[in-house]
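Chemist: Encoded as structure tokens, here's the structure I'll be asking about.
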Amino acid sequence: MIVVTGATGNVGVPLVGALAGAGEQVTAVSRGSADAAPIGVRHRQADLTEPDSLGAAVEGAEALFLLVSGEVLAADVSPSRILDVARAGGVRRVVLLSSQVAGTRPDSPSHAGLRAFETAVKGSGMEWTVLRPAGFASNAFAWAETVRSHRRVAAPFGDVGLPDVDPADLAEAAAVVLREAGHAGRTYVLTGPAQVSPRQRSTAIGQALGEQVGFAAQSRDEARAQMLRFMPEPVVDGTLDVLGAPTPVEQQVSPDLEGLLGRPPRTFAEWAERNVDAFR
């Protein structure tokens, strides 16, 4: 059995679907109800801010997909405690969804929590694989309201490109790692196929809509004030550092995702076409 935490999110939903579609026995774990789980998939409620609540979900499981939310990181939960509960349930293999920045900026306080989870997973005594994705294409959902109301995107660093990745590709790659042998002790950097700037993303959304979507450049301070409404200050500052002054490594396209999928990663334009209804 494979347990998927964060099962109702942008990665968790397609991951659960991919695993179930491949005939795997899956337990979908989320803090909410079972409504989002596919028919026939077992659902268990658990909150990783309370690690013991995971116990029933991992009982009899062989593998765990561990997605650590911002709430868990903010709560300063012990990674070792979560892994202890998983091990006690029978889990022998864990796949952690981390972040590329955990590797590219080892001194950044914004990703200290994820680095702690990486360290704990690697020292857990279980087989482990770490997935380090670039930024998510789905972060563009933050623009949905202004695109719907004004056909406009407002963002900082409009012409700085990064190889953001489609969460559906991340889910497909995670399914490969969870189901196949040969990935233990590996860290994969997962990016999209090309650098795409915020201005280019707004154009792609407009093309998907069949209408022009304008772009309004924000200052760093304007973006920071907006982001502080829903993100902790260290995370905001760390995110803006990456968006505005990415390192050469952060702008590189990694071959890891294509290697896992056996095909090129999806483009941002493909993500926009698939999710265009959110912007109508």
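The values are calculated or read from the model by the stated rules, or taken from the named source; none is laboratory data. What you see is a predicted model; the values in this text were computed from it and never measured. Methodologically, a virtual Cβ is constructed for each residue, glycine included, from the backbone with ideal geometry; neighbour enumeration extends over all protein chains shown. Please note that ligands, DNA and RNA were not included when accessible areas were found on the heavy atoms of the full protein model with its side chains. Shrake-Rupley method; radii C 1.70, N 1.55, O 1.52, S 1.80 Å.
Chemist: Evaluate the following for residue 197: is it touching a Phe, Trp or Tyr at 6+ places or on another chain (Cβ under 9 Å), hydroxyl-bearing (Ser, Thr, Tyr) and over 18 Å from residue 143 (Cα atoms)?
Modeler: No.
Chemist: Looking at 63, 57, 102, 75 in this structure, which one is of a type in the set (A, V, I, L, M) and farther than 27 Å from residue 181 by Cβ?
Modeler: 75
Chemist: On to the next question. With 187, 191, 203 as the choices, which residue is more than 30 Å from residue 5 (Cβ to Cβ), modelled with pLDDT of 95 or more and of a type in the set (S, T, N, Q)?
Modeler: Just one listed residue meets the conditions, 203.
Chemist: If you don't mind, there's one more thing I want to ask. Out of all the residues in the stretch 87-139, which are in contact with a helix residue (DSSP H, G or I) (Cβ under 6 Å, 6 or more places away or on another chain) and among the small types (Gly, Ala, Ser)?
Modeler: The answer is 89, 98, 99, 102, 108, 110, 113, 116, 120, 124, 137, 138.
Chemist: Report, by residue number, each residue of the stretch 94-111 that is among the β-branched types (Val, Ile, Thr), in a helix (DSSP H, G or I) and open to solvent by less than 20 Å² (accessible area, probe 1.4 Å).
Modeler: Scanning the stretch 94-111 gives a single hit, 101.
Quick grid of which residues meet (1) surrounded by 21 or more Cβ atoms within 10 Å (Cβ to Cβ); (2) modelled with pLDDT of 95 or more; (3) in a helix (DSSP H, G or I):
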site: 10; (1), (2), (3): no, no, no
site: 29; (1), (2), (3): yes, yes, no
site: 32; (1), (2), (3): no, no, no
site: 40; (1), (2), (3): no, no, no
site: 54; (1), (2), (3): yes, yes, yes
site: 57; (1), (2), (3): yes, yes, yes
site: 60; (1), (2), (3): no, yes, no
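Chemist: For residue 258, only one of the following conditions fails: (1) over 28 Å from residue 120 (Cα atoms); (2) at pLDDT 95 or above; (3) open to solvent by 70 Å² or more (accessible area, probe 1.4 Å). What is its number?
Modeler: With (1) over 28 Å from residue 120 (Cα atoms); (2) at pLDDT 95 or above; (3) open to solvent by 70 Å² or more (accessible area, probe 1.4 Å) applied to residue 258, the lone miss is (1).
Chemist: Okay, moving on. Does any residue in the stretch 238-252 that is within 20 Å of residue 218 (Cβ to Cβ) come within less than 7 Å, Cβ to Cβ, of a residue that is among the polar types (S, T, N, Q) and outside any loop (DSSP other than H, G, I, E, B) six or more places away or on a different chain, and which pairs are these?
Modeler: Within 7 Å, the pairs are 238/110; 239/110.
Chemist: Please state which one of 98, 108, 80 is of a type outside the set (D, E, K, R) and free of Cβ contacts under 8 Å to residues at least 40 places away in the same chain.
Modeler: Only one candidate passes the filter, namely 98.
Chemist: Here's another thing I want to ask about it. Would you confirm, using the coordinates I've provided, whether residue 114 is aliphatic (A, V, I, L, M) and assigned to a strand (DSSP E or B)?
Modeler: no
Chemist: Residue by residue through the stretch 5-62, note down the ones that are small (Gly, Ala, Ser), touching a strand residue (DSSP E or B) at 6+ places or on another chain (Cβ under 8 Å), free of Cβ contacts under 8 Å to residues at least 24 places away in the same chain and under 21 Å from residue 93 (Cα atoms).
Modeler: 20, 53, 56
Chemist: For the stretch 73-93, state whether one or more residues are open to solvent by 50 Å² or more (accessible area, probe 1.4 Å), part of a strand (DSSP E or B) and either at pLDDT below 95 or not basic (Lys, Arg) (or both).
Modeler: No, the stretch 73-93 contains no residue that is open to solvent by 50 Å² or more (accessible area, probe 1.4 Å), part of a strand (DSSP E or B) and either at pLDDT below 95 or not basic (Lys, Arg) (or both).
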